[in-house]
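Taking it in order: structure first as structure tokens, then the write-up.
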Amino acid sequence: MTLRVVVADDRRLVAEALASALRMRGHRVLAAGSPVGRAVELTTGRSPEVCLLGSAEPDGASVLEPLARLVAQAPKLAVVVLGPVPCPRGVAAAFAAGARGYVRHDERIDGVERALARARAGDAAVAPGLLREVFGALLEPGPTPAAEGARLAAQLTPREAHVLLRIVDGDDTRRIADGLGVAPSTARTHIQRLLAKLGTATRLEAVAVAVRTGLLEQLGRPHPPEDGTAAGR
């Protein structure tokens, strides 16, 4: 079955890669673009059968609003959401907004293709394995933010905790080194160990994790500065 498809993804390169892969499999990709908010624009006047929406936050307003508008403006259009798993709230929110399918973002292209075809046929396109993961996440929820913050705080050495607070204050590597009384190379080592323990790749992500999990409170810092300088250097 050849499908008429529109692809919208918050990551431009992903949208282009999906479009290319679907074309290679014989489907007509009428438009592809970024971000998801452009989905309505991309479908207007093109009459696709299926629209694939990809986002790291499928339960966010930036996805749910265009999804709901697509369904309202084109009731026959089958919308399939491409998002992370386990994300039970994202799956539930997508279907509540009118999606006919949900595919995890690491699914192979043939799995995406099957989901699009099922959605086009009027069926709910959710892989059994995905449902098991979603129900598992619902029945066994992860740790609360406060518990996660306490867990992370227990893993940090005093120096790593000091480094994190300096990063939140916006200090660069040299200032962090001066505060610790060590060489910049040693400070960089502490920073990399801190990022590894927080499961982050950048200082900005580390600050976000510290705020979201309550780690700052665990370290005696209620809030990051409000001047926008945190982790900026």
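When you scan segment 184-198, how many residues do you find that are open to solvent by 30 Å² or more (accessible area, probe 1.4 Å) and in contact with a helix residue (DSSP H, G or I) (Cβ under 9 Å, 6 or more places away or on another chain)?
Of the residues in segment 184-198, 6 are open to solvent by 30 Å² or more (accessible area, probe 1.4 Å) and in contact with a helix residue (DSSP H, G or I) (Cβ under 9 Å, 6 or more places away or on another chain).
Of the residues that sit in segment 111-160 and are out of contact with any helix residue (DSSP H, G or I) (no Cβ under 9 Å at 6 or more places or on another chain), modelled with pLDDT of 90 or more and of a type in the set (A, V, I, L, M), which one is surrounded by the fewest Cβ atoms within 10 Å (Cβ to Cβ)?
Among those that are out of contact with any helix residue (DSSP H, G or I) (no Cβ under 9 Å at 6 or more places or on another chain), modelled with pLDDT of 90 or more and of a type in the set (A, V, I, L, M), it is A121.
Give me the pairs: first residue in segment 203-214 and without any contact (Cβ under 8 Å) to a residue 40 or more places away in the chain, second residue among the small types (G, A, S), beta-carbon distance under 7 Å, and six or more apart or on different chains, which are they?
That search, which allows pairs on different chains as well, returns R203/A231; L204/A231.
Can you name the residue in segment 52-97 that is of a type in the set (S, T, N, Q) and open to solvent by 60 Å² or more (accessible area, probe 1.4 Å) and is also farthest from D110 (Cα to Cα) among such residues?
That would be Q73.
Hey, can you tell me all the residues within segment 64-91 that are aliphatic (A, V, I, L, M), within 20 Å of V134 (Cα to Cα) and touching a residue at least 40 places away in the same chain (Cβ under 8 Å)?
V79, V80, L82, V85, V91
So in segment 88-100, with the set limited to residues that are in a helix (DSSP H, G or I) and not hydrophobic (A, V, I, L, M, F, W, C), which one is nearest to R38 (Cα to Cα)?
Among residues in segment 88-100 that are in a helix (DSSP H, G or I) and not hydrophobic (A, V, I, L, M, F, W, C), the one nearest to R38 (Cα to Cα) is G90.
Within segment 18-33, is even one residue touching a residue at least 60 places away in the same chain (Cβ under 8 Å) and in contact with a Gly (Cβ under 9 Å, 6 or more places away or on another chain)?
Within segment 18-33, one or more residues are touching a residue at least 60 places away in the same chain (Cβ under 8 Å) and in contact with a Gly (Cβ under 9 Å, 6 or more places away or on another chain).
Can you give me the ranges of the strands (runs of 3 or more DSSP E) entirely in segment 12-87 with at least 3 residues that are under 17 Å from the mean Cα position of the chain (by Cα) and closer than 18 Å to A119 by Cα?
50-54, 78-83
Consider only pairs whose beta carbons are under 6 Å apart and that are at least six residues apart or on different chains; among these, list those whose first residue lies in segment 111-124 and is within 17 Å of F95 (Cβ to Cβ) and in contact (Cβ under 8 Å) with a residue 24 or more places away in the chain and whose second residue is open to solvent by 50 Å² or more (accessible area, probe 1.4 Å) and in a loop (DSSP other than H, G, I, E, B).
Taking only residues 6 or more apart or on different chains, the pairs are A119/R100.
Would you confirm whether any residue within segment 37-44 is among the hydroxyl-bearing types (S, T, Y), closer than 17 Å to R89 by Cβ and open to solvent by 50 Å² or more (accessible area, probe 1.4 Å)?
Checked segment 37-44: no residue is among the hydroxyl-bearing types (S, T, Y), closer than 17 Å to R89 by Cβ and open to solvent by 50 Å² or more (accessible area, probe 1.4 Å).
The values are calculated or read from the model by the stated rules, or taken from the named source; none is laboratory data. Just so you know, these numbers come straight off a predicted model, no measurement behind them. No Cβ is skipped: glycine too gets one built from the backbone with ideal geometry, and neighbour counts run over all protein chains shown. For the accessible areas, the whole protein counts, side chains as well, though only heavy atoms, and no ligand, DNA or RNA atoms are used. Shrake-Rupley method; radii C 1.70, N 1.55, O 1.52, S 1.80 Å.
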